[in-house]
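To start, the structure itself, in structure tokens.
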Amino acid sequence: MSELDLALYHGSAIGGARPKVLIEDSNKKYIAKFSSSNDTYSVIKAEFIAMRLADICGINVAKVEQLKVSGKEILLVERFDRKKVKDGWERKIIHSALTLLELDENNARYASYQDLCEIIRGRFSKATINLKELYTRLVFNIIVGNNDDHARNHAAFWDGRTLNLTPAYDICPQVRTGNISNQGMLIKGEHKQSKISLCLNAAGVFMLSESVAFKIIEKTLFKERQFLNPYIFEDLDEKKSKILLKLVKDFESQP
């Protein structure tokens, strides 16, 4: 059994909705997330892909690795709240958005991007950069279908004087039963629908013009770049090409 096998079986179990343990390897600390017996799809793969795509989109995101050990699908998420120092490990102080918003689990449903943006404007260093980063994360979450962006899934480093967003984490597409979806936090006012139109409407909350916000959305969509690049349809026979192109057009025409 490899050292990683041993670490996984003897690591420290931690809380959360999914089975996970803490492990240490080669001067790095990780959270290892496991697939669950009641998963209806590969949650591990979905989160890995979403996190990597977020990185490609320019989002500051936690580093991840996907591997299989002893028949188990595992996602390794490098911990950004620990730093290796000469005598061991140094812990970075982090506050969740729930804490920053002065809310607890009982009233977490009142957490909103709008209120978080107000805190960023008043207490964060480089507020403009942090606001643009948060907006990009919101757009990306909507596009990939992650509506689990609740206030515990946003956090900030505290250095004793100022705050700055931590890397993004826990970005994972969620199963939905229909087209309608809401995000984990209110976006603007009492609205939280998973819609690009609402993101555009809320651009000012993030100190962004509508044109800048739209450019962020365009970049995040990947259309005709990584996804839906016309080249992928080349050399396909005409019948199959028409079927696939119709699917794309039908998808794009949906409200």
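What follows is calculated from the coordinates using simple rules that are stated; it is not laboratory data. It should be emphasised that the depicted structure is a prediction, and the values quoted were computed from it without experimental measurement. We place every Cβ from the backbone using ideal geometry, glycine too, and count neighbours over all the protein chains shown.
This model, with +1 at the C-beta of Lys and Arg and -1 at the C-beta of Asp and Glu, gives the stretch 93-221 a dipole about its Cα centre of some 340 debye. Within a straight-line Cα-Cα reach of under 25 Å, Lys33 can be paired with the following lysines, leaving aside sequence neighbours fewer than 8 residues apart in one chain: Lys20, Lys45, Lys63, Lys68, Lys72, Lys83, Lys84, Lys92. Two tests apply to each whole DSSP H helix in the chain, Cα reach of 18 Å or more along its axis and mean Kyte-Doolittle hydropathy of at least 1.0, and the ones passing both are 43-56. Simple point charges give the picture: +1 on the Cβ of Lys and Arg, -1 on the Cβ of Asp and Glu, and for the chain a dipole about the Cα centre of about 280 debye. Each Cα pair of the chain feeds into the Kirkwood radius, which the Stokes-Einstein equation turns, at 25 °C and 0.890 mPa s, into a diffusion coefficient of 122 µm²/s. Entry note, the chain: the mean residue ellipticity at 222 nm calculated from DSSP H runs of n ≥ 4, each adding -39500 (n - 2.57), is -10500 deg cm²/dmol after division by the residues and rounding to the nearest 500. A straight line joining the Cα centroids of the stretch 147-211 and the stretch 68-136 runs 12 Å. Entry note, the stretch 93-221: relative contact order of 30 percent, from Cα contacts under 8 Å with a spacing of 6+ residues. By the rule of a C-alpha distance below 23 Å, with chain neighbours fewer than 8 residues away ignored, the lysines paired with Lys215 are Lys126, Lys132, Lys188, Lys192, Lys195, Lys223, Lys249. The lysines whose alpha-carbon is closer than 19 Å to the alpha-carbon of Lys86, local same-chain residues fewer than 8 away aside, are Lys28, Lys29.
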